[in-house]
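Here it is, the structure in full.
Since every read-out is calculated from the coordinates, none of them should be taken as a lab result. For clarity, every value in this text was computed on a predicted model and none was experimentally measured. As a convention, Cβ positions derive from the backbone with ideal geometry for all residues, glycine included, and neighbour counts pool all protein chains shown.
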Amino acid sequence: MKSLNLQQTLDKINLHYVEGNEFDAILTPYEINLIKDYFSGKKFLEMGCSIGNSTIQLLKFTKSIDIVEGSGKNITSAKRKVAQIAKNDLAKLTFYKMLWEEFPFDKDYSDVFWIRGIEHVKNPQKILKKILISLKKTKGRLHLVTVNAFSLNRRIGVLMGMLKDVHELSDRDLKFGHFKVYDKKQLEIMLKKCGYKILQSTGIMLKPLPNNKMYELYKENPKIIHAFNAIGKELPDYCTEVYICAAPN
């Protein structure tokens, strides 16, 4: 029953994504462009596909992707997106409609992608330990991306009185089913306790404004997003997201 309720909740979250009007879709190529330099191989597992933006980007680098996704609506959205952009690539995807906590992780993967997902679970340690097992034989890598508590936009939110502190869940966090906002140090400590070693730890995209305002800037001139991304490389601790590449210790 808990599994069914969670899947229904994930389906409801899907309704908040407005196709063509969400900055996350603009951010995704920048994420994958950074992560690709740390790929271990070409046997991919994607932990959650949302509406398919990251799946489209990952398909450029592999012949097949296993995707574990708890929302049937997300799976439908992702399949639709892939069919629209790269119809022949649909055959490369294998979807498992289940929660991450239920997935057996009984295959060996070169790379596991948990992009904007860890914040959606109450006890990520259990999942991280299961992922670790599937990476050991291949000496594979976990690619973890999540919101950065110490990002510039959250710091600004605190100064404006919109947040009590940088780790507080915002209205948007609550709407999208987030349980926690992590900082880089918290993630690194948790990963090490679960048996990982850190290969890379950095930030993605300087984002001074909320998503809707960033999307408006993008529509006015996409070059400004390129500029924010470039500056973010110089100021990783202030970036909107944390990226960590980790492997079995």
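Shape of the stretch 68-204 from its Cα gyration tensor (a ≥ b ≥ c, root eigenvalues): rounded if a/c is under 1.5, otherwise prolate when a/b > b/c, or oblate?
Oblate shape, in that a/c is at least 1.5 and b/c is the bigger or equal ratio.
If one computes the Cα centroid of the stretch 53-90 and of the stretch 106-179, what distance in Å separates the two points?
Spelled out, the Cα-based centre of one part sits 21 Å from the other.
Mind checking the full-extension length gain between Lys122 and Asp37? Use 0.36 nm per residue of separation minus the Cα-Cα distance, one decimal, nm.
27.6 nm
Here's another thing I want to ask about it. Can you give the charge dipole size of the chain about its Cα centre, rounded to the nearest 20 debye, using +1 on the beta carbon of Lys and Arg and -1 on the beta carbon of Asp and Glu?
Taking the Cα centre of the chain as origin, the dipole is about 660 debye.
While we're here: Highest mean first, how do 163-173, 67-77, 92-102 rank when packing is the count of other Cβ atoms within 10 Å averaged over residues?
67-77, 92-102, 163-173
So, one more: Going by the alpha-carbon gyration tensor, a ≥ b ≥ c the square roots of its eigenvalues, is the chain rounded (a/c under 1.5) or, if a/c is not under 1.5, prolate (a/b greater than b/c) versus oblate?
Note, shape of the chain comes out rounded.
Right, something else. Taking the Cα centre of the stretch 27-136 as the origin, how large is its charge dipole in debye, to the nearest 20, when only Lys and Arg (+1) and Asp and Glu (-1) carry charge on their Cβ atoms?
The calculation lands at about 220 debye.
Could you tell me what percent of the DSSP beta bridges with both partners in the chain are antiparallel, to the nearest 5?
45
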